[in-house]
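To keep things clear, I will list the structure first and then write my remarks on it.
The values are calculated or read from the model by the stated rules, or taken from the named source; none is laboratory data. The structure displayed is predicted, hence computed values, not measured ones. A quick note on method: Cβ atoms are made from the backbone with ideal geometry, for glycine too, and the neighbour counts reach across all protein chains shown. SASA here: full protein model, heavy atoms, side chains in, ligands and nucleic acids out. Shrake-Rupley method; radii C 1.70, N 1.55, O 1.52, S 1.80 Å.
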Amino acid sequence: QQPVQSPQAVILREGEDAVINCSSSKALYSVHWYRQKHGEAPVFLMILLKGGEQKGHDKISASFNEKKQQSSLYLTASQLSYSGTYFCGTERGNKLVFGAGTILRVKS
Amino acid sequence: DTEVTQTPKHLVMGMTNKKSLKCEQHMGHRAMYWYKQKAKKPPELMFVYSYEKLSINESVPSRFSPECPNSSLLNLHLHALQPEDSALYLCASSQGLAAYEQYFGPGTRLTVT
(Lines give C-alpha, C1' and ligand atoms only; values in the text may rest on other atoms or scores of the structure.)
Protein backbone atom coordinates (compact mmCIF):
# COMPACT_ATOMS: atom_id res chain seq x y z
CA GLN A 1 0.00 0.00 0.00
CA GLN A 2 1.32 3.39 -1.04
CA PRO A 3 2.42 5.83 1.70
CA VAL A 4 0.61 9.16 1.73
CA GLN A 5 2.60 12.35 1.24
CA SER A 6 1.59 15.89 2.06
CA PRO A 7 1.50 18.52 0.81
CA GLN A 8 1.15 17.68 -2.88
CA ALA A 9 3.05 20.81 -3.82
CA VAL A 10 4.74 23.73 -2.14
CA ILE A 11 6.26 26.95 -3.44
CA LEU A 12 8.94 28.71 -1.42
CA ARG A 13 11.23 31.68 -1.72
CA GLU A 14 14.94 31.13 -1.21
CA GLY A 15 15.79 30.97 2.46
CA GLU A 16 12.38 29.73 3.59
CA ASP A 17 11.80 26.43 5.35
CA ALA A 18 9.55 23.55 4.33
CA VAL A 19 8.28 20.29 5.81
CA ILE A 20 7.14 17.31 3.79
CA ASN A 21 5.24 14.54 5.51
CA CYS A 22 4.92 10.86 4.75
CA SER A 23 2.52 8.54 6.55
CA SER A 24 1.49 4.93 6.30
CA SER A 25 -1.46 2.89 7.49
CA LYS A 26 0.87 -0.06 8.03
CA ALA A 27 3.82 -0.50 10.37
CA LEU A 28 6.99 1.12 9.09
CA TYR A 29 10.43 -0.49 9.32
CA SER A 30 12.26 2.13 7.37
CA VAL A 31 11.52 5.27 5.39
CA HIS A 32 13.55 6.36 2.39
CA TRP A 33 13.63 9.84 0.92
CA TYR A 34 14.53 10.61 -2.71
CA ARG A 35 14.53 13.78 -4.79
CA GLN A 36 13.91 13.81 -8.52
CA LYS A 37 14.63 16.89 -10.59
CA HIS A 38 12.76 17.42 -13.83
CA GLY A 39 14.08 15.11 -16.54
CA GLU A 40 16.52 13.39 -14.20
CA ALA A 41 16.65 10.18 -12.19
CA PRO A 42 15.64 10.03 -8.51
CA VAL A 43 18.55 10.67 -6.17
CA PHE A 44 18.80 9.13 -2.73
CA LEU A 45 18.69 11.57 0.19
CA MET A 46 18.50 9.44 3.32
CA ILE A 47 17.11 6.36 5.04
CA LEU A 48 15.54 6.36 8.48
CA LEU A 49 15.49 3.02 10.21
CA LYS A 50 13.19 1.84 12.95
CA GLY A 51 14.77 2.71 16.26
CA GLY A 52 17.29 4.96 14.54
CA GLU A 53 18.11 8.58 15.10
CA GLN A 54 17.04 11.61 13.17
CA LYS A 55 19.20 11.88 10.10
CA GLY A 56 20.38 14.81 8.12
CA HIS A 57 22.91 16.21 5.77
CA ASP A 58 23.54 19.81 4.88
CA LYS A 59 20.27 21.65 5.60
CA ILE A 60 17.98 18.69 4.91
CA SER A 61 17.02 16.49 7.82
CA ALA A 62 14.29 13.98 8.59
CA SER A 63 12.56 12.34 11.49
CA PHE A 64 10.80 9.02 11.88
CA ASN A 65 7.99 8.44 14.36
CA GLU A 66 7.41 4.70 14.48
CA LYS A 67 4.36 4.89 16.73
CA LYS A 68 2.59 7.38 14.47
CA GLN A 69 3.87 5.51 11.37
CA GLN A 70 5.08 8.69 9.78
CA SER A 71 8.19 10.52 8.71
CA SER A 72 8.87 14.17 8.02
CA LEU A 73 11.50 15.75 5.80
CA TYR A 74 12.74 19.19 6.88
CA LEU A 75 14.32 21.57 4.38
CA THR A 76 15.93 24.52 6.10
CA ALA A 77 16.90 27.79 4.42
CA SER A 78 15.89 26.40 1.04
CA GLN A 79 18.05 26.97 -2.02
CA LEU A 80 17.11 27.02 -5.70
CA SER A 81 18.81 23.63 -6.03
CA TYR A 82 16.22 22.09 -3.70
CA SER A 83 13.53 22.33 -6.37
CA GLY A 84 12.21 18.99 -7.53
CA THR A 85 9.80 16.23 -6.59
CA TYR A 86 10.40 14.55 -3.26
CA PHE A 87 9.34 10.93 -2.82
CA CYS A 88 9.21 8.94 0.36
CA GLY A 89 9.47 5.19 0.09
CA THR A 90 8.46 2.54 2.58
CA GLU A 91 9.53 -1.07 2.79
CA ARG A 92 6.99 -3.73 1.84
CA GLY A 93 8.67 -7.11 1.94
CA ASN A 94 11.81 -6.83 -0.11
CA LYS A 95 10.69 -3.87 -2.13
CA LEU A 96 10.24 -0.13 -1.82
CA VAL A 97 6.83 1.47 -2.39
CA PHE A 98 6.94 5.16 -3.21
CA GLY A 99 4.46 7.83 -2.23
CA ALA A 100 2.86 10.01 -4.90
CA GLY A 101 5.48 12.72 -4.39
CA THR A 102 5.62 16.33 -3.26
CA ILE A 103 6.56 18.97 -5.82
CA LEU A 104 8.81 21.61 -4.30
CA ARG A 105 9.58 24.80 -6.17
CA VAL A 106 12.01 27.35 -4.77
CA LYS A 107 11.85 30.81 -6.28
CA SER A 108 14.50 33.52 -6.10
CA ASP B 1 32.11 4.77 -9.17
CA THR B 2 28.51 5.29 -8.06
CA GLU B 3 27.01 5.36 -11.52
CA VAL B 4 24.29 3.28 -13.09
CA THR B 5 24.24 3.57 -16.85
CA GLN B 6 21.34 2.89 -19.17
CA THR B 7 21.10 2.61 -22.93
CA PRO B 8 19.51 3.85 -25.05
CA LYS B 9 18.43 7.23 -23.66
CA HIS B 10 15.48 7.40 -26.02
CA LEU B 11 13.67 4.66 -27.90
CA VAL B 12 10.78 4.82 -30.33
CA MET B 13 9.32 1.49 -31.37
CA GLY B 14 6.30 0.16 -33.17
CA MET B 15 3.91 -2.29 -31.60
CA THR B 16 5.36 -5.20 -33.59
CA ASN B 17 9.01 -4.45 -32.84
CA LYS B 18 11.39 -6.24 -30.50
CA LYS B 19 13.90 -4.13 -28.62
CA SER B 20 15.99 -4.30 -25.46
CA LEU B 21 16.91 -1.86 -22.74
CA LYS B 22 20.28 -2.23 -21.05
CA CYS B 23 21.49 -1.31 -17.59
CA GLU B 24 24.96 -1.61 -16.09
CA GLN B 25 26.50 -0.95 -12.68
CA HIS B 26 30.01 -1.53 -11.34
CA MET B 27 29.43 -0.90 -7.66
CA GLY B 28 29.31 -4.58 -6.74
CA HIS B 29 25.62 -4.27 -5.90
CA ARG B 30 23.75 -7.56 -5.65
CA ALA B 31 20.24 -6.23 -6.17
CA MET B 32 19.02 -4.65 -9.40
CA TYR B 33 15.62 -3.25 -10.29
CA TRP B 34 13.45 -2.16 -13.20
CA TYR B 35 10.93 0.61 -12.58
CA LYS B 36 8.40 2.22 -14.88
CA GLN B 37 7.58 5.89 -14.39
CA LYS B 38 4.76 7.79 -16.02
CA ALA B 39 4.70 11.59 -16.07
CA LYS B 40 4.00 13.16 -12.67
CA LYS B 41 3.84 9.74 -11.00
CA PRO B 42 6.26 7.92 -8.72
CA PRO B 43 8.47 5.10 -9.98
CA GLU B 44 6.50 1.85 -10.10
CA LEU B 45 8.41 -1.34 -9.44
CA MET B 46 8.40 -3.95 -12.19
CA PHE B 47 11.13 -6.49 -11.38
CA VAL B 48 13.78 -7.15 -8.74
CA TYR B 49 16.85 -9.32 -9.18
CA SER B 50 18.84 -10.46 -6.20
CA TYR B 51 22.14 -12.28 -6.76
CA GLU B 52 21.24 -12.59 -10.45
CA LYS B 53 17.99 -14.39 -9.72
CA LEU B 54 14.53 -12.95 -10.27
CA SER B 55 13.21 -12.16 -6.81
CA ILE B 56 10.11 -10.10 -7.51
CA ASN B 57 7.86 -9.81 -10.56
CA GLU B 58 5.10 -7.29 -9.91
CA SER B 59 2.63 -9.08 -12.20
CA VAL B 60 4.17 -7.42 -15.22
CA PRO B 61 2.73 -8.45 -18.63
CA SER B 62 4.81 -11.02 -20.48
CA ARG B 63 5.59 -8.54 -23.26
CA PHE B 64 8.26 -7.32 -20.81
CA SER B 65 10.97 -9.92 -20.22
CA PRO B 66 13.85 -9.20 -17.82
CA GLU B 67 17.25 -10.82 -17.94
CA CYS B 68 20.28 -10.62 -15.67
CA PRO B 69 23.26 -12.05 -17.58
CA ASN B 70 25.69 -11.30 -14.74
CA SER B 71 25.97 -9.31 -11.53
CA SER B 72 26.68 -6.06 -13.37
CA LEU B 73 24.14 -6.20 -16.18
CA LEU B 74 20.38 -6.07 -16.38
CA ASN B 75 18.34 -6.17 -19.57
CA LEU B 76 14.69 -5.61 -20.29
CA HIS B 77 13.45 -7.22 -23.49
CA LEU B 78 10.42 -5.64 -25.09
CA HIS B 79 8.06 -7.26 -27.56
CA ALA B 80 4.63 -6.36 -28.90
CA LEU B 81 4.24 -3.35 -26.65
CA GLN B 82 1.18 -1.17 -26.46
CA PRO B 83 1.06 2.66 -26.65
CA GLU B 84 0.21 2.79 -22.95
CA ASP B 85 3.62 1.24 -22.24
CA SER B 86 5.21 4.54 -23.25
CA ALA B 87 7.05 5.80 -20.15
CA LEU B 88 10.43 6.40 -18.57
CA TYR B 89 12.06 3.08 -17.66
CA LEU B 90 14.46 3.37 -14.77
CA CYS B 91 17.05 0.87 -13.67
CA ALA B 92 18.39 0.93 -10.12
CA SER B 93 20.81 -1.04 -8.01
CA SER B 94 21.49 -1.43 -4.31
CA GLN B 95 23.83 -3.32 -2.03
CA GLY B 96 20.96 -5.43 -0.76
CA LEU B 97 17.19 -5.50 -0.78
CA ALA B 98 14.72 -3.09 0.83
CA ALA B 99 16.63 -1.25 3.55
CA TYR B 100 19.47 -0.12 1.31
CA GLU B 101 19.77 3.05 -0.71
CA GLN B 102 19.05 2.63 -4.37
CA TYR B 103 21.10 4.22 -7.11
CA PHE B 104 19.08 5.05 -10.20
CA GLY B 105 20.23 5.26 -13.77
CA PRO B 106 19.15 8.18 -15.98
CA GLY B 107 16.41 6.11 -17.58
CA THR B 108 15.26 5.24 -21.08
CA ARG B 109 12.42 7.34 -22.49
CA LEU B 110 10.30 4.84 -24.43
CA THR B 111 7.64 5.80 -26.94
CA VAL B 112 5.47 3.09 -28.49
CA THR B 113 3.78 4.11 -31.73
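Observations on the model:
- Nearest-10 value in Å² for the accessible area of residue B:16, using the 1.4 Å probe: 120 Å²
- Volume per residue of the C-alpha convex hull in the protein assembly as shown, rounded to whole Å³: 122 Å³
- With K and R counted +1 and D and E -1, the other residues having a Cβ less than 15 Å from that of residue B:16 yield a net charge of +2.
- Placing +1 on the Cβ of every Lys and Arg and -1 on the Cβ of every Asp and Glu, with nothing else charged, gives chain A a dipole about its Cα centre of roughly 240 debye.
- Taking the chain by itself as reference, the stretch B:78-105 contains these residues with an accessible-area loss of 50 Å² or more in the full protein complex (1.4 Å probe, heavy atoms): B:98, B:99, B:101, B:102, B:104.
- Computed over the stretch B:23-113, the P(r) tail beyond 20 angstrom holds 30 percent of alpha carbon pairs.
- Backbone geometry of the stretch B:88-99 corresponds, through the Karplus equation with coefficients 6.51, -1.76 and 1.60 at θ = phi - 60°, to 3J(HN,Hα) couplings of 8, 9, 10, 9, 9, 9, 8, 4, x, 8, 6, 7 Hz, x marking Gly and Pro.
- Accessible surface, 1.4 Å probe, highest first, among residues A:91, B:58: B:58, A:91
- Environment charge of residue B:111, counting only residues whose C-beta is closer than 15 Å and scoring Lys/Arg +1, Asp/Glu -1: +3
- Surface accessible to a 1.4 Å probe, residue B:19 within the full protein complex, Å²: 80 Å²
- Net charge dipole, chain B: roughly 360 debye, given to the nearest 20, about the Cα centre with Cβ charges of +1 for Lys and Arg and -1 for Asp and Glu.
- Å² of accessible area per residue within chain B, as computed with a 1.4 Å probe and no ligands counted: 49 Å²
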